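S.K.: I'd like to ask you about the structure that follows.
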Amino acid sequence: MMSQLLQKIARYDRFVSRRSVLGPIGIEFSMEKIHMVQIGMRANGEKYLVGCASADYPTKRDAFLSEPGEMKATLRRLMKQNGFSGSSAVVAALPGMARIVPVTYQLGKDQADEDAIIKIMRNRIDGSLDEYVIDYLPIRSGGADDDRLAMVAFARKSDVIAFLERLRHSGLSITAMEVAPSAINRLITIISGEDPGSNILVVSTGYQISFMTMISGDRVLFDHKVNFGEADLLFELSEMLDMGQEEARDLIIKNGLFADEDPEKDGLVSRPDIAEGIREIVKPGFMKLVDEVNRSLIYAAAQTHGKSANRIYLLGVISRWPGVDRLLGRMANIAITIPDPLRTLTNENGPCSGGSVGSNTDMAIATGLALRGLDQHG
């Protein structure tokens, strides 16, 4: 009898451990690709990958987003082919749709933060506030007479509604729309393993522009655009070597920025002279990024009583360059980490559709969106 009882208990434990909560589908329409991630969490707290996809747009991005039929067909195909479940989704605000500004304010007697921020925003926004969707993230609070700081995101209500309607017609149920810094904050807070009071600078690199996001504990300290991108570096390399930019990128991916002792490491077939030559050509261009990093670190220290960043996380297109973490780490004199947001997730479906070596960093925002709400079930 005891043996049978123990067997029943063991079967029940296995059943409970398999039960899970499905998170929303996180969707980012980046400048270059559609990124989609869905994560589940088992009763024991283990997170696992339900589905993921990284796909090129079938047409130009703006044309794709303005054509509901094309969007519907593409999203449904990606969901069907890549293991996604359900229709609940969290989507990132489109680049350029929302503006994010720092707002310093003080509270009046019995005044709520929201009311104080709205009062200031009336003088900063063209037109009526009724025409905008506004949200904010508290950054610094203090006593009644102290200055407070918040990151305020705002977007035209008509643009938001039109975008969400196109997604609804694609069969998705949008539970939230977030700006990229919120998704990045959620992801890095979970995967960093840093002390809760640490400052972390996240550098999200794009083809033409990049973004600096400073995370302090579980707060976004600031997020700003930097006029620096992969295109700047590829232009210098292609001009110097008299080749096209795609050819220049292929040369970097094949040879890296450093020649390792093992020439076959990570699938690279690197020649020391080529790697050194590439490094010397792009190094001056990287100084622009390093200068922006240093300015961000100084600002963070000023806002957090002298605490600089413990680490820099590098995301986006430039993070695919072999050896870029080593080069930037030396130039900025700080540890650089290129995170793989999907690495710690149990994955039974194989690599992401459309993904390539080193491309998981491109999934950072979509993964942060997909994690929304899951920790509430932990």
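S.K.: Quick one: order Lys72, Lys225 by neighbouring beta-carbon count within 10 Å, fewest to most.
M.R.: The order, fewest Cβ neighbours first, is Lys225, Lys72.
S.K.: Between Arg140 and Glu70, what is the spin-label point distance in nm, taking each point 7 Å from the Cα along the Cα→C-beta axis?
M.R.: In this crude spin-label approximation the distance works out to 4.6 nm.
S.K.: Mean 1/r over all different Cα pairs, inverted: what Kirkwood radius does the range 95-152 give, in Å?
M.R.: Numbers: mean 1/r = 0.0824 Å⁻¹.
Radius from the Kirkwood sum: 12.1 Å.
S.K.: Can you grab the distance from the C-alpha centre of the range 73-139 to the C-alpha centre of the range 163-221, Å, no decimals?
M.R.: 12 Å
S.K.: Would you please put 85-95, 294-304 in order of how densely packed they are, using the mean number of other Cβ atoms within 10 angstrom per residue and starting with the highest?
M.R.: 85-95, 294-304
S.K.: If you don't mind, there's one more thing I want to ask. If I stretch the segment between Asp147 and Asp218 completely, what's the gain in nm (0.36 nm per residue apart, minus their alpha carbon distance), one decimal?
M.R.: 23.5 nm
S.K.: Based on the Cβ-Cβ distance from Arg122 to Lys288, what FRET efficiency comes out when R0 is 22 Å, to the nearest 0.05? All intermediate terms of the calculation are to be shown ahead of the outcome.
M.R.: Details: r = 36 Å, r/R0 = 1.66.
For Arg122 and Lys288, the calculated efficiency is 0.05.
S.K.: Across the range 120-126, in residue order, what do the Karplus-derived ³J(HN,Hα) couplings come to in whole Hz, using 6.51 cos²θ - 1.76 cosθ + 1.60 with θ = phi - 60° and x for Gly and Pro?
M.R.: Whole-Hz 3J(HN,Hα) from phi for the range 120-126: 5, 5, 4, 8, 9, 9, 6.
S.K.: Now for a separate question. Search the structure for amide H atoms under 5 Å from the amide H of Gly51, placed 1.01 Å from N in the peptide plane, and list their residues when 5 or more places away or on another chain.
M.R.: Residues meeting the criterion, in which the H sits 1.01 Å from N, are Gln38.
No value in this document is a laboratory result; all are computed from the given coordinates. Just so you know, these numbers come straight off a predicted model, no measurement behind them. Neighbour counts run over all protein chains shown; Cβ positions are idealised from the backbone, glycine included.
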